[in-house]
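Participant: Sharing a structure below in structure tokens format, with a few things to ask.
The values are calculated or read from the model by the stated rules, or taken from the named source; none is laboratory data. Just so it is clear, the structure is predicted and the values come from calculations on it, not from any experiment. Reconstructed Cβ throughout: ideal geometry from the backbone, glycine too, with neighbour counts over all protein chains shown. Heads up: the accessible areas ignore ligands, DNA and RNA and are worked out on the full protein's heavy atoms, side chains in. Shrake-Rupley method; radii C 1.70, N 1.55, O 1.52, S 1.80 Å.
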Amino acid sequence: MIRLWPSTLTGRLVLILLGGLLAAQLLGAAILLSDRASAIYEASGMHAAQRIAGMVHLLDTLNPEQRRLVVPALNTSGFRVTFTQQPAAEPSAADESIHSAHLRAVLRNALGDERALRVAVLASGADFMEGPRPSRGSHFGMMMPRAPPFGGAPLGGAFAVQAQLLDGQWVSIAQRLPDESVAWPWKLLVTLGVLLASVIALSLIAVRLVTRPLAVLGRAAEDLGRDIERPPLPESGPAEVRRTAQAFNTMQARLVRFLHDRAQMLAAVSHDLKTPITRLRLRAELIDDAVLKTKVVHDLEEMEGMTRAALDFLRDASAHEAAQPLDVNAMLESLQADAESMGRDVQIEGAAAAPYRARPQALRRCVGNLLDNAAQHAKHARLRVYDDAKRLEIIVGDDGPGIPQDKLEQVFEPFYRLDPSRNRESGGAGLGLSIARDIARAHGGSLELRNRPQGGIDAVLTLPR
């Protein structure tokens, strides 16, 4: 199905402008052509009436013999004079066109009201060449004029008049319009076409100028998700664009300040916790009860691990590693070798077709966290790589017990663990998946978990090319 309404703002503005301009140009051309045809017929009618009236007055002064001698000299390529004893039937008011009525009025004014007249507008040059002729009682036996274009004047080829001379004889006079007067005004149409093309070009430029700041703002918003400290937008251009850029830069500065303050506060809290934990470890050594001592030391170790994980999480959140082309295949093989050295079984399927521009250490930690998460719940892990022109997809799958469907998103929350006992020996502090998703989003990608039908979990890391 063809989509007629564009999805982009540029396409919609262009379609509206072009549609409106085209409709306006067609309507203007119709009005111009109609007015042109009417003006041609009015001017030609006035000229023809004056010439025909002069001809009738001349013939009134001549006798029949003189008239026969003069007629060959009067007949030219655009003028025909013939004599008849029987005039054509008087045309009815319904058959008479506005142009023939105008010509009749001018002739009446020049020849007087007493003289009998028959006036018509011939429809084509063929009628002119054949000349006026009586036929079946119709006025001049002529074809009816063709329908005018755009409701304007008929495309007549000549004016035809029958007038009664003073001695009772009828004379038929036909004057053909010049060919250029009834032809299509190609110069006018070309002028309208050039005007339309110029307006279209200027409209496209105007639409581009209007929509380009929106495209720049959209790219800046997308880049902001990847790098919160990206360079600010240039505050130039029209007033509206400047105000929008200023508002965006202010928002970015506030976000940077908020994240920096939050990281500093949490880092200070986590760092300050180390001192009391260290004192508690020293005091725990003074406990005589071995069972109580073991429990206290275990709790302190868990607190220390959580504090260390929180510091690592904040360190990654505030890291500003530069992006550079990364050999994804080499990175995955290195992670596979590290896992195998720890006794884990990791298989790789597929390969990246080209290097990926990324923060190397961050992306390595992202995939490493996913492998660690798989190793905690399964004996085997499999890395599957899919790469095309639009995205790079890395899937870390395991054959573990899986995750309840309603918990697939909740496990990404910081410090959340499925194990209600919160035993660190059955898992980490609950920050691995949170860190991995943050890294994925910082690269403009996504990370989601999916339960496999045959059992286990697929962690799907999708990165845009």
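Participant: Arg242 passes all but one of (1) in contact with an Asp or Glu (Cβ under 8 Å, 6 or more places away or on another chain); (2) open to solvent by less than 40 Å² (accessible area, probe 1.4 Å); which number fails?
Facilitator: Arg242 satisfies every listed condition except (2).
Participant: Among Val269, Val256, which is modelled with pLDDT under 80, closer than 30 Å to His443 by Cβ, among the β-branched types (Val, Ile, Thr) and assigned to a helix (DSSP H, G or I)? I'd like the intermediate steps shown before the answer.
Facilitator: Values: Val256 fails: modelled with pLDDT under 80.
Step by step, each of Val269, Val256 is checked, and only Val269 is modelled with pLDDT under 80, closer than 30 Å to His443 by Cβ, among the β-branched types (Val, Ile, Thr) and assigned to a helix (DSSP H, G or I).
Participant: On to the next question. Considering only residues of region 223-237 that are open to solvent by less than 80 Å² (accessible area, probe 1.4 Å) and of a type outside the set (A, V, I, L, M, F, W, C), which is farthest from Leu21 (Cα to Cα)?
Facilitator: Of region 223-237, the ones open to solvent by less than 80 Å² (accessible area, probe 1.4 Å) are 223-225, 227-228, 230, 233, 236-237.
Going one step further and asking which of them are of a type outside the set (A, V, I, L, M, F, W, C), we end up with 223, 225, 227, 230, 236-237.
Numbers: Asp223: 38, Gly225: 41, Asp227: 44, Arg230: 42, Ser236: 31, Gly237: 27 Å.
Looking at residues that are open to solvent by less than 80 Å² (accessible area, probe 1.4 Å) and of a type outside the set (A, V, I, L, M, F, W, C), I get Asp227.
Participant: Inside region 434-447, can you point out the residues that are assigned to a loop (DSSP other than H, G, I, E, B) and free of Cβ contacts under 8 Å to residues at least 60 places away in the same chain? Don't jump to the end; show me each part of the working.
Facilitator: Here is the first cut: in region 434-447, the ones assigned to a loop (DSSP other than H, G, I, E, B) are 443-445.
Answer for region 434-447, where residues must be assigned to a loop (DSSP other than H, G, I, E, B) and free of Cβ contacts under 8 Å to residues at least 60 places away in the same chain: just Gly445.
Participant: Determine the pairs where a residue that is farther than 14 Å from Ser434 by Cα and of a type in the set (Gly, Ala, Ser), located within region 448-461, has a partner that is outside any strand (DSSP E or B) and open to solvent by 60 Å² or more (accessible area, probe 1.4 Å) with Cβ atoms under 7 Å apart, the partner being 6 or more residues away or on another chain.
Facilitator: Gly455/Asp399; Gly456/Asp399
Participant: Which one of the conditions (1) more than 17 Å from His47 (Cα to Cα); (2) in contact with a helix residue (DSSP H, G or I) (Cβ under 6 Å, 6 or more places away or on another chain); (3) at pLDDT 80 or above does Met142 fail to meet, given that it meets all the rest?
Facilitator: The failed condition is (3).
Participant: Any residue in region 210-235 that's more than 22 Å from Arg257 (Cα to Cα): show its pairings with residues that are modelled with pLDDT under 80 and open to solvent by 50 Å² or more (accessible area, probe 1.4 Å) at Cβ separation under 6 Å, as long as the two are six or more apart or on different chains.
Facilitator: Going by the 6 Å Cβ cut-off, the qualifying pairs are Thr211/Leu9; Thr211/Thr10.
Participant: Note down all Cβ pairs under 9 Å where the first residue falls in region 325-338 and is assigned to a strand (DSSP E or B), the second is open to solvent by 50 Å² or more (accessible area, probe 1.4 Å) and of a type outside the set (Gly, Ala, Ser), and they're at least six residues apart or on different chains.
Facilitator: Pro325/Pro355; Pro325/Arg357; Leu326/Pro355; Leu326/Arg357; Leu326/Arg364
Participant: Give the number of residues within region 436-465 that are open to solvent by 60 Å² or more (accessible area, probe 1.4 Å) and not charged (D, E, K, R). Can you show your working first?
Facilitator: First, the residues of region 436-465 that are open to solvent by 60 Å² or more (accessible area, probe 1.4 Å): 438, 441, 448, 450, 453-454, 465.
Imposing the further condition that a residue be not charged (D, E, K, R) reduces the set to 453-454.
Here the count works out to 2.
Participant: For region 196-222, what are the residues that are open to solvent by 90 Å² or more (accessible area, probe 1.4 Å) and either among the basic types (Lys, Arg) or under 18 Å from Ala23 (Cβ atoms) (or both)?
Facilitator: If the condition is that a residue be open to solvent by 90 Å² or more (accessible area, probe 1.4 Å) and either among the basic types (Lys, Arg) or under 18 Å from Ala23 (Cβ atoms) (or both), then Leu202, Arg208, Arg212, Arg219 are the ones that fit.
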